[in-house]
């Protein structure tokens, strides 16, 4: 589009369904994918709840948008950081979360994990290195 | 890369200030605005946390939001500086990027 | 610009996540934007997302003794020829409608203030790429 490539960080700190931020922020990520930037997603604080697997929303009458996370790999979104302290504070383990992958075309389309579990300290450095932070 | 972190919610309502301070790296700047200004006041249960953050980051509070909520500058934690909107713009320009902790 | 001859003019992108009055976000965004312009910086775009699209209705009647948030943005937009964009998906969801949207979606009315334009999320991404700083005002 413009030739400029920035390191984009999408910061997610809220739970899904109680507010619309989780879903509408995902819409930004999907549209943003067409702009060929260097994209990372961070799930911190209640944001980690967005990735919990097995969401069944029929009884609250909302669209279950969690399958969209598994499509992120197809949109070239490969760097999804989940903060381990946020998981621990909430009694969650990586097993509670969806298993997100992307396909490496340079390696015969081998599946690679998109989620990187990182500590707060590690994520702080990653965020510090980003050029633009989107908050929702 | 230096970051201006903004916190606009009260530390007694949300964990945004706490999260921000645990992420802000040395050399960064934190600005409290809107309801976030309550984190800048002396005598609260988060005062120690904010004072300790001053060892690593610069902390500012938005004057208009302090005044609106009835607090004079002498109620602000020592070391936290008061800025106006023009000062907020300067902070955004002086740092390499801005990160909002909503 | 300003009093400091060494200041560099920045290009700002402004994102407003909340509607008028309910949260202070729109007010804070407005005062930041105004201060930046007065200092000689450029506002690349103001992008209204989530409930922020509600800042674009022309139908508000706030009390006479309170600020008129919509008109205040409109006046600033006009004075500085600002690109004030409302996200189409968020607008559809919340019922902010211009002529094009009314026609495409079979609505019998429009409510958008002429100072704002409805466009896609790509405008926000582009603003983030092209600007020096992205400012997010929300809850």
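We did not get these values from a lab; they are worked out from the coordinates using the rules stated. What you see is a predicted model, and the numbers here were worked out from it, not measured in a lab. Reconstructed Cβ throughout: ideal geometry from the backbone, glycine too, with neighbour counts over all protein chains shown.
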Distance cut-off 21 Å, percentage of C-alpha pairs in chain C lying past it | 40
Three principal axis lengths of region C:64-139 [C-alpha, angstrom, descending] = 40, 37, 27
What is the Å³ per residue value for the convex hull set by the Cα atoms of region C:62-106?
-> 105
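Give me C:37, B:62, B:102 sorted ascending by neighbouring Cβ count inside 10 Å, so fewest comes first.
Placing the least packed residue first, the sequence is C:37, B:102, B:62.
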Could you give the angle, 0 to 90 degrees to the nearest 10, between helix A:21-32's Cα long axis and the longest principal axis of the Cα atoms of chain A?
-> 20
Neighbouring Cβ atoms within 10 Å as the yardstick, rank B:46, C:53, B:80 fewest first.
-> B:46, B:80, C:53
What's the Cα-based Rg to Rh of chain B, Rh via Kirkwood?
-> 0.92
Can you give the relative contact order of chain B as a percent, counting alpha carbon pairs under 8 Å and 6+ residues apart?
-> 37
Cα-Cα separations in the protein assembly as shown greater than 35 Å, expressed as whole percent | 25
Taking the inverse of the average 1/r across all pairs of different Cα atoms in region A:54-109, what Kirkwood radius in Å do you get?
-> 13.5
Which value in deg cm²/dmol, rounded to the nearest 500, describes the helix-derived mean residue ellipticity at 222 nm for chain C, given -39,500 (n - 2.57) per DSSP H run of n ≥ 4 and division by the residue count?
-> -10500 deg cm²/dmol
Put in order of increasing Cβ neighbours within 10 Å, starting from the fewest, C:110, A:93, B:3, B:29 give A:93, C:110, B:29, B:3
Over the residues of chain A, compute the C-alpha Rg and express it relative to 2.2 N^0.38 Å.
-> 1.03
Between C:22, C:123, C:64, find the one with the highest GNM mean-square fluctuation for chain C; connect C-alpha pairs within less than 10 Å.
-> C:64
Centroid-to-centroid separation of region B:1-56 and region B:64-91 [C-alpha atoms, Å] = 13
